[in-house]
Amino acid sequence: MGTLYVVATPIGNLEDITHRAVNVLGNVSIIASEDTRHTGVLLKRLGIDTPQVSYHAFNEKSRLAGILDHLQAGDVALVTDAGTPSVSDPGAILVKAAADAGHTVIPIPGASAVTAAVSASGLVTGPFTFLGFLPRTKSQRFNLLESALSSGFALVYFESPHRIIATLRELALLCSNREIVVFRELTKVHEEAIRASIDDILDRLDRRTMRGECIVVLGPSRDEPASDQQMEDLLRDHLDSGRSLAETARTVAALTGIPKSTVYRAALAISSESD
């Protein structure tokens, strides 16, 4: 019975590979890679010639049986293009199937965009919520952000340079009073950390072309109630989407820190205006 090694690889700077990861990649029978060409660059740099098999989001089910067969004969390493497998990347299906089949699954920790951003943000000292990549649909994205923000915990998510402005605008509507850091191209040549208010970051990013994947770290709630205008904007947005008065008041009260009774009275007034 072979062992499945879940191996973290660098998120940008190839020098971030660990000695243990190098040893595992050089000694397993085969490497299941999200992109064999991408991983091939790393393996060449390390002088490793272990065979690879493609294993990504579009073939992970069809390739599962074949990789489990490899595990019957020897050890297998699972890697993604960058960072730790199964964290907003393919891998969870294979890990569960291997464990269910009786194989030992061993994590080889290393680079992670999530922990790198959290550690350098200076905003997270306790629990935080990681959302991975946000949904593409505005309504689904807004609902997810709403739910996550209601906990009061710090928030971390990945975003493409093409959608970063849109999601930050939604955050500005939901919680403009929280501290925020936007990281771009972590560990790479053009690494950048933008520390400012959400409104200031939006103003700065609106005037430039963004390139490279972004990671947003939003600090925890500081228990400061939102302004009346922010409450009203949220109420109108929710009521316009067809939600009931009770549901709207409950959600907006959780997001803003304003007493539910106050929010409900404001919601009634806005609803009466519409009528």
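Points to keep in mind about this one:
- Three semi-axes of the equivalent ellipsoid, segment 68-115, Cα gyration tensor, whole Å, largest first: 21, 11, 9
- Here segment 229-267 is scanned for amide nitrogen atoms under 13 Å from the site 7 Å beyond the Cα of Asp199 along Cα-to-Cβ, giving 229-230.
- Summary of the geometry: segment 134-177 and segment 24-79, compared by the centres of their Cα atoms, lie 34 Å apart.
- 27 Å Cα-Cα reach of Lys138 towards lysines, excluding residues that sit fewer than 8 places from it in its own chain: Lys260
- Carbon + sulfur, % of accessible area of the chain - ligands and nucleic acids excluded, 1.4 Å: 50
- Simple Cβ-charge dipole of segment 25-156, Lys/Arg +1 and Asp/Glu -1, about Cα centre, in debye nearest 20: 340
- The lysines whose alpha-carbon is closer than 16 Å to the alpha-carbon of Lys96, local same-chain residues fewer than 8 away aside, are Lys61.
- Ser261-Lys96 pseudo-label distance in nm [points 7 Å out on the Cα-to-Cβ vector]: 4.6
- Extent of the chain along its three principal axes (Cα atoms, max minus min coordinate, largest first): 70, 39, 30 Å.
- Cα-based Kirkwood hydrodynamic radius, segment 14-147, one decimal, Å: 16.6
- Square roots of five times the Cα gyration tensor eigenvalues for segment 135-246, Å: 26, 15, 13
- Point-to-point label distance, Gln229-Thr115, nm (Cα→Cβ direction, 7 Å offset): 4.3
- Loop-located trypsin sites (Lys or Arg not before Pro) in segment 150-224, at most 16 other Cβ atoms within 10 Å (DSSP): Arg163, Lys188, Arg207, Arg208, Arg211, Arg222
- With kT/(6 pi eta Rh) evaluated at 4 °C and eta = 1.567 mPa s, and Rh the Kirkwood radius from Cα pairs, segment 1-92 diffuses with a coefficient of 100 µm²/s according to Stokes-Einstein.
- The mean accessible area for residues of the chain, using a 1.4 Å probe and ignoring ligands and nucleic acids, is 50 Å² per residue.
- A dipole drawn for the chain from +1 and -1 charges on Cβ atoms has a positive end, and of Ile106, His162, Gln230 the residue lying farthest that way is Ile106.
- Calculated FRET value between Arg163 and Gln72, using beta carbons and R₀ = 41 Å, to 0.05: 0.45
- Trypsin sites (Lys or Arg not before Pro) within segment 54-105, DSSP loop, no more than 12 other Cβ atoms inside 10 Å: Lys61
The values are calculated or read from the model by the stated rules, or taken from the named source; none is laboratory data. Just so we're clear, the structure is a prediction, and the values are computed from it rather than from any experiment. Cβ sites come from the backbone with ideal geometry, for glycine too, and all protein chains shown count toward neighbours. Each accessible area value is taken on the protein alone, full model and side chains, heavy atoms only, with ligands, DNA and RNA left out. Shrake-Rupley method; radii C 1.70, N 1.55, O 1.52, S 1.80 Å.
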